[in-house]
Amino acid sequence: MRYRYTLCTTFIAVSLFWQPSANADNETVRPEPRGFIYGVGVGVNQELYQDYRRRTVPIPVVGYRGERLSVYGPFISYELLQQDGLTLTARLAPRFAGTDASKSPVFEGMQKRKTSMDAGVGLRYDWQNIRLETSWLHDVLGNSDGYEVRNRIGYQHRFGPVFVEPHLSLDYSNARLVNYYYGVRPEEVTSNRPAYHAGSAWNPGAGVSVATPIFWGGMTRLGLDHRWYDDAIADSPLTDRRRGFQLFFSFSRFF
């Protein structure tokens with residue numbers, strides 16, 4: 001079971017869709033070209049679950065960036081509205097979460113929790129060098145039937161051709177989502193795994209993203225994120241951590 005893996009893909013999605021603001025440091029930035037994209041990415045995340053320490057996730061970057069539509073592998077965003085620095089998008093993103101009893105004895109005998117797909121909307125506001133983002137994503141396959149609200153504020157700064165954005169985040173996961181991936185049902189109880197019903201969770205975070213177009217004619221991105229987890233997650237008998245790091249690197253270019 002890898003809800004932590006899900007959070008890694010959230011970070012990856014934000015890193016892939018993040019673009020330097022055109023008014024960073026009040027300088028004009030040439031718009032990124034449109035067309036088909038290829039590249040490679042890798043995410044390294046510190047796991048919360050027992051007997052997990054770190055996971056490396058290779059991410060092939062194949063997609064398309066148009067005037068309104070952006071596709072990065074299974075991550076899809078479509079711009080519905082843009083006006084006065086405000087951008088409204090429709091989003092589709094996979095939720096890579098599920099049980100794998102072969103990875104840890106803590107999951108043995110548990111009913112499988114499935115990978116799913118989330119859909120929803122995102123709202124972004126750019127003002128000078130500040131970027132505010134919020135999004136609502138719901139499990140459209142009905143596996144957890146839960147949803148998340150992701151909130152982020154960043155400050156973009158330009159050092160020549162290098163763009164740096166420190167950011168703070170605060171994500172909310174409702175009880176259905178958290179309990180599906182962190183709860184232990186009565187029929188799953190063992191001597192080492194008590195029953196657990198998880199409630200909703202607020203998870204704050206802080207990090208920094210760096211992007212530059214100076215290498216090999218493409219866009220290079222590097223992101224580091226640190227998260228603190230709500231007691232609803234940290235108190236689960238399936239976990240042994242309250243915080244963790246995520247690292248993401250990608251390189252992409254247009255055909």
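The values are calculated or read from the model by the stated rules, or taken from the named source; none is laboratory data. All values reported here derive from a predicted model rather than from experimental measurement. Cβ: placed from backbone, ideal geometry, glycine included. Neighbour counts: every protein chain shown. What goes into the accessible areas is simple: the full protein's heavy atoms, side chains included, and nothing from ligands, DNA or RNA. Shrake-Rupley method; radii C 1.70, N 1.55, O 1.52, S 1.80 Å.
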* Asked: Which whole number in µm²/s is D for region 207-255 by Stokes-Einstein, with the Kirkwood Rh taken over Cα pairs at 10 °C and 1.306 mPa s?
  -> 121
* To the nearest µm²/s, what D does Stokes-Einstein give for region 36-171 at 37 °C and 0.692 mPa s, using the Kirkwood radius over alpha carbon pairs as Rh? -> 187
* Structure fact -> For 171-177, 39-45, ranked highest to lowest by mean beta-carbon neighbours within 10 Å, the order is 171-177, 39-45
* Run a plain Debye calculation on region 72-152 (Cα atoms as equal point scatterers, no solvent) and give log10 I(q)/I(0) at q = 0.18, 0.23, 0.27 Å⁻¹, rounded to two decimals, same order as the q list. => -0.81, -1.06, -1.22
* Asked: Evaluated at 10 °C with a viscosity of 1.306 mPa s, what Stokes-Einstein diffusion coefficient in µm²/s does region 118-164 have when Rh comes from the Kirkwood expression over alpha-carbon pairs?
  -> 127
* Which percent of the accessible heavy-atom area of region 129-212 goes to carbon and sulfur, probe 1.4 angstrom? -> 65
* To do: Equivalent ellipsoid semi-axes for region 92-199, as square roots of 5 times the alpha carbon gyration tensor eigenvalues: give them largest first, rounded to whole Å.
  => 36, 16, 13
* To do: Work out how far the C-alpha atoms of region 160-217 reach from end to end along every principal axis, then list the three figures in whole Å, largest first.
  => 58, 24, 17
* Considering amide H positions built from the backbone, and no H for Pro or chain starts, which residues 5 or more places from Asp235, or on another chain, come under 5 Å of its amide H? -> none
* Rounded to the nearest whole Å², what accessible area per residue is found for region 145-242 with the 1.4 Å probe? -> 45
* Asked: So what's Rg/Rh here for region 153-192, counting alpha carbon atoms and using the Kirkwood radius for Rh?
  -> 1.43
